[in-house]
Amino acid sequence: MIRAQEQPPGKTAEPTYTDTFAGPVIELTAAKITVSRTNLGKTEKRTFVMNKETRVEGKLKVKAKVTVGFITTEEGDMARLIVVRTNGAAGKR
């Protein structure tokens, strides 16, 4: 029996996040990802902490266009979901 609050067997829950940030990856390490974007002629970059709970959809690499779903914690912005966009496809939430 599956209750309304439970996930069906074999399905993973969508990570929860409160905000998103999209743009090309400019720096990438095992623990952090930095993404840049230009908005109204002003360049903004943000660094997100990644951990074992961060879900990545696609292959991460420098210059890849990504959408990062994140939450803000005491340790900084924590990436919960990273979607690598290909061929102009928008990231999903």
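Quick look at the numbers
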quantity	calculated
Members of the range 32-46 that are open to solvent by less than 80 Å² (accessible area, probe 1.4 Å) and not basic (Lys, Arg)	33, 34, 35, 36, 41, 44
Count of residues meeting criterion [under 18 Å from residue 18 (Cβ atoms), open to solvent by 70 Å² or more (accessible area, probe 1.4 Å) and in a strand (DSSP E or B)] in the range 47-76	1
Of all residues in the range 20-53 being out of contact with any Pro (no Cβ under 8 Å at 6 or more places or on another chain) and polar (S, T, N, Q), the one that is modelled with the lowest pLDDT	39
Where a residue in the range 66-93 is within 20 Å of residue 27 (Cβ to Cβ) and its partner, wherever it lies, is surrounded by fewer than 19 Cβ atoms within 10 Å (Cβ to Cβ) and at pLDDT below 85, with Cβ under 6 Å and at least six apart	67/91; 80/15; 81/15; 83/91; 85/91
Filter result (in a loop (DSSP other than H, G, I, E, B) and of a type in the set (Val, Ile, Thr)) within the range 14-46	16, 18, 29
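The values are calculated or read from the model by the stated rules, or taken from the named source; none is laboratory data. Just so you know, these numbers come straight off a predicted model, no measurement behind them. As a convention, Cβ positions derive from the backbone with ideal geometry for all residues, glycine included, and neighbour counts pool all protein chains shown. Remember, those area values only see protein heavy atoms, side chains included, never the ligands or the DNA or RNA. Shrake-Rupley method; radii C 1.70, N 1.55, O 1.52, S 1.80 Å.
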